[in-house]
Amino acid sequence: MSLLHSGLSQQKGSVEQISLHCSEGTLNWLYPKGALHLTLSPRLPSVAVGPGGSSSGLITTCVKPSEQFHGAQLYLEKDGVLELLVGDRLESSPPPRVRCFSRLPGEKVALFMQATPHQDISRRIASFRYELRGDWSARMSLDSNSISSEDACRPCNNTEILMAVCTSDFVVRGNIRSVEEDESLRAAVIKVKSTRVFRQKYTIFNSNSRLPSWGEVRTLLQCGVKPGPGSFLFTGRIHFGEAWLGCAPRYRDFQRTYALAKAAQQIPCELPVD
């Protein structure tokens with residue numbers, strides 16, 4: 001969903017109510033004036049199952065402000081308390097970071113955008129992208145201030161691996177060719193040469209044939225991923241158009257785990273493994 005809103009139609013000091021029903025989208029507020037109260041009402045299952053196999057019904061929201069975010073401040077409103085997510089930017093300010101937060105079913109959470117006074121609002125645009133996910137694992141989040149290295153980087157257990165195969169946005173077998181650092185995202189960019197694409201929600205790897213293709217998968221910098229030999233099964237989420245790593249067992253370990261679970265009739269979904 002892409003929502004375009006203009007402050008020219010608002011009275012100074014007014015607050016306009018807007019409901020965001022889609023699970024992802026973009027909001028562009030042109031010539032900010034007054035304020036916007038954004039209610040988060042995603043059309044998600046009441047109980048969502050994430051790659052960790054849990055079903056708490058937790059909903060995680062991430063917002064990614066544009067690099068030219070100007071003219072407003074963005075707050076998280078939770079239980080009547082405002083927390084600043086994105087401040088109004090100066091031309092010399094560094095790009096704003098992605099911010100993520102979670103809520104439980106029934107918990108009242110909203111976004112509040114307040115215009116900052118400017119003599120000339122003609123060049124002010126407050127724009128951001130957002131995503132809402134059911135039961136999103138902490139390892140998928142970019143807002144690493146609230147994530148410990150232990151939570152973000154620990155290896156998945158067998159149950160989590162089997163669930164990740166069923167619920168991830170991409171499932172790819174491949175090799176790590178190189179790892180680069182993206183300091184702006186505080187992320188490691190893993191260059192992957194894929195040998196088989198089992199599934200992908202968006203085209204990250206070319207899946208038109210079984211020929212090898214290249215793609216990029218990101219993970220948190222503190223996880224210390226290094227290039228090396230061996231074949232892995234990469235799973236994870238597409239986050240603002242980029243692939244982020246979830247579970248990534250060595251492929252031979254996944255084959256053994258999958259075979260044992262299949263023999264015990266305990267696999268949550270089928271995968272055509274070699």
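The values are calculated or read from the model by the stated rules, or taken from the named source; none is laboratory data. Values in this document were obtained by computation on a predicted structure and should not be read as measured data. Please note: Cβ atoms are built from the backbone with ideal geometry, for glycine as well, and neighbour counts cover all protein chains shown. Side chains are part of the model used for accessible areas, which takes the heavy atoms of the whole protein and leaves out ligands, DNA and RNA. Shrake-Rupley method; radii C 1.70, N 1.55, O 1.52, S 1.80 Å.
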note = Restricting the range 257-271 to residues that are in a loop (DSSP other than H, G, I, E, B) and open to solvent by less than 80 Å² (accessible area, probe 1.4 Å), the one nearest to VAL197 (Cα to Cα) turns out to be LEU271
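State whether one or more residues within the range 48-55 are modelled with pLDDT of 85 or more and surrounded by 18 or more Cβ atoms within 10 Å (Cβ to Cβ). Steps first, please.
Of all residues in the range 48-55, those modelled with pLDDT of 85 or more come to none.
Looking for residues that are modelled with pLDDT of 85 or more and surrounded by 18 or more Cβ atoms within 10 Å (Cβ to Cβ), one finds none in the range 48-55, hence no.
Every residue, every condition in (1) open to solvent by less than 30 Å² (accessible area, probe 1.4 Å); (2) over 30 Å from PRO94 (Cα atoms); (3) part of a helix (DSSP H, G or I); (4) at pLDDT below 90, yes or no:
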{"position": "ALA164", "(1), (2), (3), (4)": "yes, yes, yes, no"}
{"position": "GLU181", "(1), (2), (3), (4)": "no, no, no, yes"}
{"position": "VAL192", "(1), (2), (3), (4)": "yes, no, no, no"}
{"position": "PHE198", "(1), (2), (3), (4)": "no, yes, no, no"}
{"position": "SER207", "(1), (2), (3), (4)": "no, yes, no, yes"}
{"position": "TRP214", "(1), (2), (3), (4)": "no, yes, no, yes"}
{"position": "LYS226", "(1), (2), (3), (4)": "no, no, no, yes"}
{"position": "ARG237", "(1), (2), (3), (4)": "yes, no, no, yes"}
{"position": "ARG252", "(1), (2), (3), (4)": "no, yes, yes, no"}
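Only residues that are assigned to a helix (DSSP H, G or I) and among the hydroxyl-bearing types (Ser, Thr, Tyr): list them for the range 166-179, please. It would help to see each step written out before you state the result.
So the first thing to find is which residues in the range 166-179 are assigned to a helix (DSSP H, G or I), and the list is 166-167.
The answer is THR167, and nothing else.
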